[in-house]
């Protein structure tokens, strides 16, 4: 997905939120915003938003000296999600369609996104999304590919959401490789967060090799690219991964909630809609 | 009022909104955002936000070639307010305290602010503000000064709001000079807008001599400064004028709705609170 004009002020907002989370030193935060402001002119509008996100969070680390500003918040979100886990398993157990319910739960987890700057209440959002209609619903194709897949590559998004991913992974019934960011960026799930979420019990965990808050193939390491190209089925969670991969030349299933107007417009849906979208440009 | 860190992304948002209102040419809007992004590093945090606002809207005019992007919206807001005018006069006529009701109406008009980027519904907001408690309420001092004033300087804010100002001016019962921006900036009231609002029927209309979206004394012409210094009583409407004058060394009454978190924090109130605040630093 390209960068939209609306993304540009959003980059400044993200820098401000990350800066404030990292430090109380207003001079450093001003320096960060000065640098990000100057960076706007160098953003090619045909680049994807997480490419700029990567640069911004590098600046956050450089200027504040804090590598993982969202560390405590991530831990707290993971713990909150783990506390909900038994209840969510019951919801799956009591449902008519275990797989679809687990997909809904995995999408509900996508509200735990500190890049977007919206408030969320995990429990309330889960309850809402369990009842919500999908705006894009390629479920039939999903079940078809799932049936035929020997293994699945699952691209993680946020820490906390990762616990919800575990529930879906348990329902897929196939060997799953769960992909995490190489280093902390916003509240995106890292190797450590994936372990805290219990994902090692249900999946192999690998890094994308990239620090960007979304999967940008050019930024990923060869080991990941090989897995990406050869995977029978890919499930991609969240906005950042969609932004990076929406024009990729292979089949991918995107599971997300459209949390900003730009994504919604790109997908042709309304803000806050939930999405299970298949792309297959080879077809 | 100084510039807060939160103002910096807001400047980018304002530039985007103004750019989109002025033109559909995305290349020009990108150029505008590039320029405003670069300008962030040159903003002294002890300058007032409308000083930067002035620079931003100069860039909007330069880059888009449109001097008054909000012209049609202003006309429409004025017409909407004029259509409400007879009803609002009735509200004053039926009230126990005509002056206080007219003050509430004048503050209600302050929701018509296209700089802040919040949606508003004039009629709904008026009804709400007629019932709302004031967070700061220096009404006693206001009535005392009003009683003793021979004439009043009234600093206008937005077009449309200007019609609501007319209602308050009619209740003041003293000669009033209504101050407008020298040129169009955002949806702020200009000479032409004041005439369309019928303010020439109740007040003398003068320009501040400044193009900034708020009264910054250093930017105003001598004629205005003289009136400002010698006025018996000054009524200042809205956020921009408050931002410019909050530290001024004379008595001013600020009438506004706190429409963003930064203003609310500066005033020590909650967002959306309504304010009738007296300052008199000479005391």
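The values are calculated or read from the model by the stated rules, or taken from the named source; none is laboratory data. Bear in mind the structure is a predicted one, so any value in this text is a computation, not a measurement. Cβ placement follows ideal geometry from the backbone for every residue including glycine, while neighbour counts extend to all protein chains displayed.
Working only within the range B:28-42, note down all residues that are at the interface with chain A (Cβ under 7 Å from one of its Cβ atoms) and closer than 17 Å to residue A:39 by Cβ. B:30, B:33, B:34, B:37, B:38, B:40, B:41 - these are the residues of the range B:28-42 that are at the interface with chain A (Cβ under 7 Å from one of its Cβ atoms) and closer than 17 Å to residue A:39 by Cβ. Let me confirm something: among B:169, B:186, which residue is in contact with a helix residue (DSSP H, G or I) (Cβ under 9 Å, 6 or more places away or on another chain), on the phi > 0 side of the Ramachandran plot and not assigned by TED's automatic domain parsing to the domain that holds residue B:52? Among B:169, B:186, only B:186 is in contact with a helix residue (DSSP H, G or I) (Cβ under 9 Å, 6 or more places away or on another chain), on the phi > 0 side of the Ramachandran plot and not assigned by TED's automatic domain parsing to the domain that holds residue B:52. Being touching a helix residue (DSSP H, G or I) at 6+ places or on another chain (Cβ under 7 Å) and surrounded by fewer than 17 Cβ atoms within 10 Å (Cβ to Cβ), is that true of even one residue in the range B:253-267? No, every residue in the range B:253-267 fails to be touching a helix residue (DSSP H, G or I) at 6+ places or on another chain (Cβ under 7 Å) and surrounded by fewer than 17 Cβ atoms within 10 Å (Cβ to Cβ).
Table: residues versus (1) buried (at least 17 other Cβ atoms within 10 Å of the Cβ); (2) closer than 17 Å to residue A:113 by Cβ; (3) more than 25 Å from the chain's Cα centre (by Cα); (4) more than 9 Å from chain B (Cβ to nearest Cβ).
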{"site": "A:16", "(1), (2), (3), (4)": "yes, yes, no, no"}
{"site": "A:26", "(1), (2), (3), (4)": "no, no, yes, no"}
{"site": "A:44", "(1), (2), (3), (4)": "no, no, no, yes"}
{"site": "A:54", "(1), (2), (3), (4)": "yes, yes, no, yes"}
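Take the residues of the range A:114-135 that are outside any helix (DSSP H, G or I) and in contact with a helix residue (DSSP H, G or I) (Cβ under 7 Å, 6 or more places away or on another chain): which is surrounded by the most Cβ atoms within 10 Å (Cβ to Cβ)?
We begin by selecting, within the range A:114-135, every residue outside any helix (DSSP H, G or I); these are A:114-121, A:132-135.
Imposing the further condition that a residue be in contact with a helix residue (DSSP H, G or I) (Cβ under 7 Å, 6 or more places away or on another chain) reduces the set to A:114-115, A:117, A:120.
Details: A:114: 22, A:115: 29, A:117: 14, A:120: 18.
So, considering only residues that are outside any helix (DSSP H, G or I) and in contact with a helix residue (DSSP H, G or I) (Cβ under 7 Å, 6 or more places away or on another chain), the one surrounded by the most Cβ atoms within 10 Å (Cβ to Cβ) is A:115.
Taking the range B:243-262, which residues are out of contact with any strand residue (DSSP E or B) (no Cβ under 8 Å at 6 or more places or on another chain) and within 16 Å of residue B:4 (Cα to Cα)? Hits for the range B:243-262 are B:243, B:244, B:247, B:259, B:260, B:261, B:262.
Residue check: is residue A:150 surrounded by fewer than 20 Cβ atoms within 10 Å (Cβ to Cβ), assigned to a loop (DSSP other than H, G, I, E, B) and under 20 Å from the mean Cα position of the chain (by Cα)? In short, no.
Which of the following residues is touching a strand residue (DSSP E or B) at 6+ places or on another chain (Cβ under 7 Å), under 26 Å from residue B:276 (Cα atoms), away from chain A (no Cβ under 14 Å) and modelled with pLDDT of 95 or more: B:107, B:112, B:78?
Numbers: B:112 fails: modelled with pLDDT of 95 or more; B:78 fails: touching a strand residue (DSSP E or B) at 6+ places or on another chain (Cβ under 7 Å).
Among B:107, B:112, B:78, only B:107 is touching a strand residue (DSSP E or B) at 6+ places or on another chain (Cβ under 7 Å), under 26 Å from residue B:276 (Cα atoms), away from chain A (no Cβ under 14 Å) and modelled with pLDDT of 95 or more.
The condition of being in the same structural domain as residue A:274 (by TED's automatic domain parsing), farther than 30 Å from residue B:30 by Cα and under 18 Å from the mean Cα position of the chain (by Cα) holds for residue A:78.
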